[in-house]
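Everything below concerns the one structure shown next.
The values are calculated or read from the model by the stated rules, or taken from the named source; none is laboratory data. Computed from a prediction, not measured in an experiment: that's the story for all the values here. Note that we place each Cβ from the backbone using ideal geometry, even for glycine, and neighbour counts take in every protein chain shown. These accessible areas exclude ligands, DNA and RNA; they are computed on the full protein's heavy atoms, side chains included. Shrake-Rupley method; radii C 1.70, N 1.55, O 1.52, S 1.80 Å.
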Amino acid sequence: MNPVKYLMAVLITFAGLPANAQETFPNRPITMIVAFPPGGVADITGRPTAVAMEKILKQPVTVLNRPGAAGAVGNSAVANAKPDGYTILMALSSISVIPAADELFNRKPAYALDQFAPIALITADPTILVVHPSLPVKTLKELISLARAKPGEMSYSSSGIYGALHMPMEMFLYSAKLKMRHVPTTGGGPAITALLGGHVAMTAGGPAAISAHVKSGKLRTIVSWGAERIPSFPDLPTFRELGYKDVEYYIWAGLFAPRGTPDAMMKVLRDGARRAVQEPDFKSAMAKVDSLVQYKDAPEFQQYWLADAKRLAALVQVVGKVEDKK
């Protein structure tokens with residue numbers, strides 16, 4: 001065959017592939033990585049989101065838990081994944097803290113924020129301070145008095161150093177000038193389990209992770225990090241109400257893809273997320289755990305995320321270097 005005609009035939013053949021691939025995306029299962037163990041906010045939000053997106057995308061959306069290092073392991077896996085639309089991340093607000101902590105310690109970053117492309121914000125809830133019912137306190141004033149009487153003795157669990165549950169506790173302790181013993185775990189689920197077992201006195205948790213345990217009497221709420229009271233916990237005061245004006249923190253869950261994922265694939269994923277949060281079963285699942293759906297599409301989510309990341313990076317500097325003493 002004439003070399004020129006052969007080259008033209010090859011180019012024509014390959015020219016059609018991207019369009020065809022875009023038309024059929026997705027044509028195989030999608031993996032949604034959750035960077036924490038089951039039982040935490042990311043997992044509780046991720047699973048109903050995956051189920052709803054399956055119906056819309058007509059392909060399985062499989063949740064894969066990849067816990068470790070307060071979310072760094074799973075986040076890094078997606079940051080370095082092939083940007084083809086088949087690997088996505090259900091991340092928490094702590095995604096922004098890890099690079100700031102790496103910079104603080106002058107260590108090689110696990111990932112950079114610009115390695116991710118936002119798909120959609122799904123939920124955003126203020127964290128809630130919960131205690132084991134055996135702790136003889138029912139108000140923030142009583143808790144602070146007890147902590148001051150036992151400096152460094154009372155303990156709290158978290159999802160990991162600089163994680164989504166560690167940062168609000170440090171914010172509170174810094175503002176109230178308290179000292180407590182930090183017990184980091186591998187995720188929000190294990191942090192709650194540690195509290196339920198009486199191994200620690202308290203923890204911070206999103207409504208989705210603590211609601212059922214509060215309703216069953218296994219945990220007691222003390223105060224919320226929200227700017228306003230949570231509708232599903234109308235009797236729960238906020239730190240702001242009680243005089244701690246700068247103690248405010250939200251744990252949000254959002255979907256990301258690796259940077260460089262083609263626009264056509266991103267459009268499909270964004271549309272899938274938008275329609276997923278409108279599914280009755282998804283709404284019901286979130287309502288059962290008292291989690292507020294706060295959907296934002298990629299452009300608005302990008303702005304929200306970057307503003308939050310800047311605030312959390314500043315908080316890391318306030319908290320300073322925290323070593324894992326386990």
Can you put T62, T238, T221 in order of accessible area, largest first, using a 1.4 Å probe?
T62, T221, T238
In a shell of Cβ-Cβ distance under 13 Å around S134, excluding S134 itself, what net charge do Lys and Arg (+1) and Asp and Glu (-1) give?
+3
I want the local charge near G187. Using Cβ-Cβ distances under 13 Å, sum +1 for each Lys or Arg and -1 for each Asp or Glu among the other residues.
0
Please compare each pair in K218/K296; K55/K267; K215/K296; K55/K296 to a cut-off of 27 Å on the Cα-Cα distance and tell me which ones are over it.
K218/K296; K215/K296
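How charged is the neighbourhood of V214? Take every other residue with its Cβ under 12 Å from the Cβ of V214, and add Lys/Arg as +1 and Asp/Glu as -1.
Net charge in that neighbourhood comes out at +1.
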With all protein chains in place and a 1.4 Å probe, D297 shows an accessible area in Å² (nearest 10) of 50
Förster-model FRET efficiency, 35 Å R0, K245 and E153, C-beta, rounded to 0.05
0.80
What aspartates and glutamates sit close enough to K150 to cross-link, taking a C-alpha to C-alpha distance under 13 Å and skipping anything fewer than 8 places away on the same chain?
E142
How many nm separate the modelled label positions at T139 and E300, each set 7 Å beyond the Cα in the direction of the Cβ?
3.9
For Y86, Y156, write out the residues from largest to smallest accessible area, computed with a 1.4 angstrom probe and no ligands counted.
Y86, Y156
By DSSP, what percent of the beta bridges with both residues in the range 89-225 are antiparallel, rounded to the nearest 5?
55
At 7 Å along the Cα-to-beta-carbon direction for both L178 and T24, put a label point, then send me their distance in nm to one decimal.
5.8
Rounded to a whole number, what is D in µm²/s for the range 67-213 from Stokes-Einstein with the Kirkwood radius over alpha-carbon pairs (25 °C, 0.890 mPa s)?
149
Put E279, E228, E153 in order of accessible area, largest first, probe 1.4 Å, and you get E228, E153, E279
Could you give the length gained by full extension between V73 and T193, i.e. 0.36 nm per residue of separation minus their alpha carbon distance, to one decimal place?
41.1 nm
Suppose we keep just the alpha-carbon trace of the range 161-220; what are its Rg and Dmax in angstrom?
11.5, 32
Helix 166-176 versus the longest principal axis of the chain: what angle, 0 to 90°, nearest 10, using Cα atoms?
30
Once normalised by the length of the chain, the mean sequence separation of its alpha carbon contacts under 8 Å that are 6 or more apart gives a contact order in percent of 26
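Using only alpha carbons, build the gyration tensor for the range 178-326 and give me the equivalent ellipsoid semi-axes, biggest first, whole Å.
Values: eigenvalues 171, 92, 58 Å².
Result for the range 178-326: semi-axes of 29, 21, 17 Å.
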Can you say what percent of the DSSP beta bridges in the chain, counting only those with both residues inside, are antiparallel? Round to 5.
60
Can you give the accessible area of L242 in Å² (nearest 10), computed on protein heavy atoms with a 1.4 Å probe?
80
Between the range 156-212 and the range 277-299, what is the separation of their alpha carbon centroids in Å?
24
Taking just the alpha carbons, could you work out the radius of gyration and Dmax for the chain, both in angstroms?
21.7, 90
Per residue accessible area of the chain, 1.4 Å probe, in Å²
45
In the chain, carbon and sulfur make up what percent of the accessible area (probe 1.4 Å)?
56
